[in-house]
Amino acid sequence: MGKTVVVYRSKTGFVKKYAEWIAEDLSADLFEVSKVNPAALQNYDTIIYGGSLYATGIIGVDFLKKNLDQLMGKKVIVFACGASPSNEDLLTELITHNFTSDQQKQIKFFYLRGGFDYKKLPPFDKALMTLFKWKLLLKKGITKNLTPDDVGMLDAYKKPADFTRRSNIEEIIAYVNS
Ligand SMILES: Cc1cc2nc3c(=O)[nH]c(=O)nc-3n(C[C@H](O)[C@H](O)[C@H](O)COP(=O)(O)O)c2cc1C
C-alpha cells in the first residue's frame, strides 16, 4: 500500500476530526496544511487532502492543485466537509466547481458531512453567517415555508450541529486499500 499522508485545513474542527480518524485507520502521517512543504509530498504514495466548504469552495485545496503535476502516478484523494447533507447533485456540483476536467482525472473526490459551530467561527465568517441567518429568517417571514435543512441550519446557530460519523470514512479507507 505504501506511505500515506493526510493534509487538512479546518476552521472549527470537523475536518480535523475526520483527518485524524483517517490517519489513524491508515497509520498515515497527519499535517495541518500550513505545516507542509509541498516537496515532502514526494515521500508518499497516497496523498489525502481534506478541507471544509465555504460557499461551495474547498478551503486550502489550491495547495494540492498547485502541486498536482508533481504527483502524477500517485493516489490523490480530496475530501470536503460541509454542513449540507450528502447527495448526488451536491457531489457533482462540488466536483465541477472545484476541479477542472484534467484535475478530476487525477483526483478521487469524497464528501463527508461535518457540522456547524457558529461560536467557534472567526469574526469575519461569523458576520457572513449572520447575513445568511437573516436571509433564512426573511424567507421564513415571507414564505412561511422553510425546508427541513433550513430549519436545521437555524437551530444550529443556537447549539452546534455535529454530523460527523466515523463510519463515513469507510469509503475512503476502502479506496486507499484497493
Ligand atoms: C462562511 C461560510 C460558508 C459556508 N459554506 C458552506 C457551503 O457552501 N456548503 C456547506 O455544506 N457548508 C458550508 N459551510 C459550513 C462549513 O463547511 C461546515 O461548518 C464545516 O463542517 C466546517 O468544517 P471545519 O470546522 O473543519 O472548517 C459554510 C460555513 C461558513 C462559515
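The values are calculated or read from the model by the stated rules, or taken from the named source; none is laboratory data. In this text the structure is predicted, and so the values were computed from the model without any measurement. Here the Cβ is made from the backbone with ideal geometry for all residues, glycine too, and neighbour counts use every protein chain on show.
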Matching residues in the stretch 33-79 (polar (S, T, N, Q), in contact with a Leu (Cβ under 9 Å, 6 or more places away or on another chain) and either closer than 18 Å to ILE169 by Cβ or within 15 Å of the ligand (Cβ to nearest atom) (or both)) number 2
Looking only at the stretch 48-72, which residues are modelled with pLDDT of 95 or more, among the small types (Gly, Ala, Ser) and either in a loop (DSSP other than H, G, I, E, B) or surrounded by fewer than 16 Cβ atoms within 10 Å (Cβ to Cβ) (or both)?
GLY57, GLY60
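Here are LYS140, LYS126: which of them is over 19 Å from SER52 (Cα atoms) and either at pLDDT 95 or above or part of a helix (DSSP H, G or I) (or both)? Working first, answer last.
Numbers: LYS126 fails: over 19 Å from SER52 (Cα atoms).
That would be LYS140, the only listed residue that is over 19 Å from SER52 (Cα atoms) and either at pLDDT 95 or above or part of a helix (DSSP H, G or I) (or both).
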For the structure I just gave you, tell me whether GLY82 is within 13 Å of the ligand (Cβ to nearest atom) and farther than 18 Å from ASP162 by Cβ.
no
Cβ contacts < 8 Å: first residue in contact (Cβ under 8 Å) with a residue 40 or more places away in the chain and within 9 Å of the ligand (Cβ to nearest atom), restricted to the stretch 9-32; second residue β-branched (Val, Ile, Thr) and outside any loop (DSSP other than H, G, I, E, B), any location; separation 6+ or different chain. Result?
ARG9/VAL15; ARG9/VAL33; TYR18/ILE169
Across the stretch 87-125, the tally of residues that are surrounded by 14 or more Cβ atoms within 10 Å (Cβ to Cβ) and closer than 22 Å to LYS159 by Cα stands at 9
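Consider LEU146 carefully, then state whether it is touching a Ser or Thr at 6+ places or on another chain (Cβ under 8 Å), hydrophobic (A, V, I, L, M, F, W, C) and either outside any helix (DSSP H, G or I) or in the same structural domain as LYS75 (by TED's automatic domain parsing) (or both). Lay out the reasoning, then the answer.
Details: touching a Ser or Thr at 6+ places or on another chain (Cβ under 8 Å): no; hydrophobic (A, V, I, L, M, F, W, C): yes; either outside any helix (DSSP H, G or I) or in the same structural domain as LYS75 (by TED's automatic domain parsing) (or both): yes.
In short, no.
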Restricting attention to the stretch 94-129, which residues are without any contact (Cβ under 8 Å) to a residue 12 or more places away in the chain and among the charged types (D, E, K, R)?
ASP102, LYS105, LYS126
